Amino acid sequence: MEMSESSKILTIDKSGNGVLRLTMNNLDQKNALSERMMSEVMSEIRNASQDKSIKVIILAANGNVFCSGHDLKEITAARENEDSGAVFFQKLFDHCSTMMELIVNTPQPVIAEVDGIATAAGCQLVASCDLAIASNESKFATPGVNIGLFCSTPMVALTRNVHKKNAMEMLLTGDFIDAEKAKDIGLINNVVKKEDLSGEVKELAEKIASKSSITVSIGKKAFYAQAEMNLSEAYKYTSQVMKDNLLNDDAKEGIDAFIEKRSPNWKDK
């Protein structure tokens, strides 16, 4: 028997304009990254990565908590195991790391639509997405230090998106920052009114979806790859990427369309 939409912890909405919307819907657990939640998110992203009709992925959440991070009740229950939870803890953090890497490595851009609180691994999730738009009521924190568990894995995504001193302040104090501060330090792209959030994200997603998907996927992959290289290596690598990109049909079509002052007809190849 199929579950009702309200009983699902992840709802899926695939529009006809190339946008896939994944909405975390486990309000009782404050959209925590339980093993089940992570597995369902990863399953949908993996499916999307093989679906050429999907050009952009939106990751949103119902309720006033975007994502509370790992499920602390799940962690506490694992302490009853013979190894005090060691095997479960390793599996949990490996699972989470795999999900964050999947978001970065999937060919489609992933946009976080944040309306509410994002803490610990929830903040990591926001930082791992390619773009993030938040409502003016949103707040962010890496508060593990307050409960004796430093946010070491969230630190990986955080330090790759914000200035080191801002990241260290969040990690060492555990304090919340508001959406405007999150924008100032580079954690999110923009802040909008709560009532405008979904519309703004939809508009952004559809704008990106209107581009050549093969070109966007080439650019996303190159963006993250060159960021780990020194200057000389980065230029050598991206020069090769641009050469290969120019040999694609969409690059020829895009340039021809620009010269001819018409809209391009993308073939996504």
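Just so you know, all these numbers are worked out from the coordinates, no wet-lab data involved. Predicted, not measured: the structure shown is a model, and the values here were computed from it. Note that we place each Cβ from the backbone using ideal geometry, even for glycine, and neighbour counts take in every protein chain shown.
Diagonalising the gyration tensor over the Cα atoms of segment 117-187 and scaling each eigenvalue by 5 before taking the square root yields semi-axes of 17, 13, 11 Å, largest first.
Close amide H pairs (under 5 Å, H built 1.01 Å from N) link Ile58 with Leu20, Arg21, Leu22, Ile111, residues at least 5 positions away or on another chain.
For Glu137, the residues 5 or more places off, or on other chains, whose built amide H falls under 5 Å of its own are Lys194.
Using only side-chain charges placed at the Cβ, +1 for Lys and Arg and -1 for Asp and Glu, the dipole size of the chain relative to its Cα centre rounds to 720 debye.
Ranking of Ser49, Ser135 by neighbouring Cβ atoms within 10 Å, starting from the fewest: Ser49, Ser135. Per residue, the convex hull spanned by the Cα atoms of segment 213-259 amounts to 70 cubic angstrom. Beyond a 25 Å Cα-Cα separation, which of these cross-linked pairs lie in this structure: Lys91/Lys164; Lys14/Lys181; Lys183/Lys220; Lys164/Lys202? From the list (Lys91/Lys164; Lys14/Lys181; Lys183/Lys220; Lys164/Lys202), the Cα-Cα distance tops 25 Å for Lys91/Lys164; Lys14/Lys181; Lys164/Lys202.
Here the spin labels are modelled as points 7 Å beyond Cα on the Cα-Cβ line, and at Thr159 and Ser263 they lie 4.6 nm apart. With the charge dipole of segment 135-269 set up from +1 on Lys and Arg Cβ and -1 on Asp and Glu Cβ about the Cα centre, the Cα lying farthest toward the positive end among the listed residues Gly144, Ala257, Val192 is that of Ala257. Seen from Val191, the other residues with C-beta closer than 12 Å to its C-beta sum to a net charge of -2, counting Lys and Arg as +1 and Asp and Glu as -1. Annotation: peptides 179-190, 81-92, ranked by per-residue average of other Cβ atoms within 10 Å with the highest first, follow the order 179-190, 81-92.
Computed from Cα positions, the angle between helix 35-49 and the longest principal axis of the chain comes to roughly 0 degrees. Computed from backbone phi with θ = phi - 60° and the Karplus coefficients 6.51, -1.76 and 1.60, the 3J(HN,Hα) list for segment 171-183 is 6, 7, 9, x, 6, 6, 10, 7, 5, 5, 5, 4, 5 Hz; x is used for glycine and proline. Across the chain, Cα pairs under 8 Å and at least six residues apart give a relative contact order of 15 percent. When only Cα pairs below 8 angstrom with a gap of at least 6 residues are kept, segment 123-238 shows a relative contact order of 29 percent. Annotation: average projected area of the chain is 16.9 square nanometres, based on the convex hull of Cα atoms across all directions. Taking the 0 to 90 degree range and rounding to the nearest ten, how far is the long axis of helix 249-259 tilted relative to the main principal axis of the chain, both from C-alpha atoms? Taking Cα atoms only, the helix is inclined about 60 degrees. Of the beta bridges in the chain, as assigned by DSSP with both residues counted there, near 25 percent are antiparallel. Placing +1 on each Lys and Arg Cβ and -1 on each Asp and Glu Cβ, with no other charges, gives segment 213-259 a dipole about its Cα centre of roughly 140 debye. Here the 3J(HN,Hα) profile of segment 184-191, calculated from phi with Karplus coefficients 6.51, -1.76 and 1.60 at θ = phi - 60°, is 4, 8, x, 6, 10, 8, 7, 10 Hz, Gly and Pro shown as x. Compute the whole-percent fraction of alpha carbon pairs in segment 115-269 spaced more than 29 Å apart. Tail of the P(r) past 29 Å holds 36 percent of the pairs. Approximating the spin labels as points 7 Å out from Cα along Cα→Cβ, the Val241-to-Val145 distance works out to 3.4 nm. For segment 1-98, the Cβ-based charge dipole about the Cα centre amounts to some 460 debye (Lys, Arg positive; Asp, Glu negative; other atoms uncharged). Binning all Cα-Cα separations of segment 152-207 at 10 Å, short to long from zero, yields these whole-percent fractions: 22, 44, 27, 8. With the simple model of a label 7 Å out from the Cα in the direction of the Cβ, Glu169 to Asn64 spans 2.6 nm.
Both the radius of gyration and Dmax for segment 29-168 are 15.0, 47 Å, in that order, over alpha-carbon atoms.
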